[in-house]
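Presented below is the structure to which this report refers.
Any read-out appearing in this document is the output of simple, stated calculations on the displayed coordinates, not a laboratory observation. This one's a predicted model, so the numbers in the text were calculated from it and none came from an experiment. Cβ placement follows ideal geometry from the backbone for every residue including glycine, while neighbour counts extend to all protein chains displayed.
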Amino acid sequence: MKSIKTKNEKAKLLNLWDRLELKLQESGETATFITRIEDIARDSYTVEFPVRVAGDLSLRVGQIVEVFFEKKNEAYRFKAGVVSIDARNENATTIKQLSKPEPTQRRKFVRIDIQGQVQFRVIDLKSDDYGQAERLESGALLNISAGGILLCTTADIKQGDYVLLNFKLKYHEKLENILGVVKRAERQQKDSLVGIEFLTRDRLTLPEHLHIATYLPPLATYFDDELEKHIVQYIYNQEVAARKKRLSREEK
């Protein structure tokens, strides 16, 4: 029988408040949930109420889910069983790890296509002026997830650049000066396809981001739990609207 990693061994990969994506497949249907770790036991995790962002299935005790997470820019997955759902504690859910984490190429977050405008400033790391950001640029928002955005722009931007993002989600307030880092920038004739990862306050303590702290403008906003809830709720609403349209077409 294969042994499960102990708490100390698992801590190397998963820690409190790490973000997880749960994928549930049942009877030919699929649902995806986003959550965070609230407690870690020897072979199980208690997570906050999982927010469904895709599909119609609901989590129940006894189900098997596939768990995805990311560490140091590497994605991992493992299988887990739903052990309990505590209705008295805002549906905090306990899952038991059934397999060892293994690397995967799968995206960490559910993404949805979106049309809209985004404005951004590239932070100038060569300037002696504290908090200096370059001129305001614009682009077309192509898709969004709880982890970042994909946009198209004619601006000169490259992988590794730090940016401050301004954009608005339908029925939500405008999100301003959200700190992000460019993970990829692919030039396509006159435009660039740019993938940007949102940065949280705790991620700035990682060695690869420590140098940016000195250059952050005073108005820079970290990507925190409240902003994530805005985006997760937006994605959920879009999924619901898309399902209603499909059902409406099928009924005609």
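Sorted largest first, the spans of the alpha carbon positions of the range 7-104 along the three principal axes are 33, 31, 20 Å. Give me the distance in nm between label points sitting 7 Å out from Cα along the Cα-to-Cβ direction at residue 41 and residue 138, one decimal. It works out to 5.5 nm between the two label points. By the count of neighbouring beta-carbon atoms within 10 Å, fewest first, 45, 222 end up ordered 222, 45. Length available on full extension from residue 202 to residue 184: 0.36 nm per residue minus the Cα-Cα distance, which gives 4.3 nm. Taking a Cβ cut-off of under 11 Å around residue 65, the surrounding Lys, Arg, Asp and Glu residues balance to a net charge of +2, with basic ones at +1 and acidic ones at -1. Neighbour counts of C-beta atoms inside 10 Å place 144, 40 in the sequence 40, 144, starting with the fewest. The listed peptides 26-38, 204-216, ordered by packing as a protection proxy, come out as 26-38, 204-216 (highest mean of other Cβ atoms within 10 Å first). Listed by Cβ neighbour count within 10 Å, with the fewest neighbours leading, 88, 184, 60, 77 appear as 88, 60, 184, 77.
Taking every alpha-carbon pair under 8 Å whose residues sit at least 6 apart, the range 7-104 reaches a relative contact order of 24 percent. Please give the FRET efficiency for residue 125 paired with residue 174, using the beta carbon to beta carbon distance and R0 = 25 Å, rounded to the nearest 0.05. Approximately 0.40, to the nearest 0.05.
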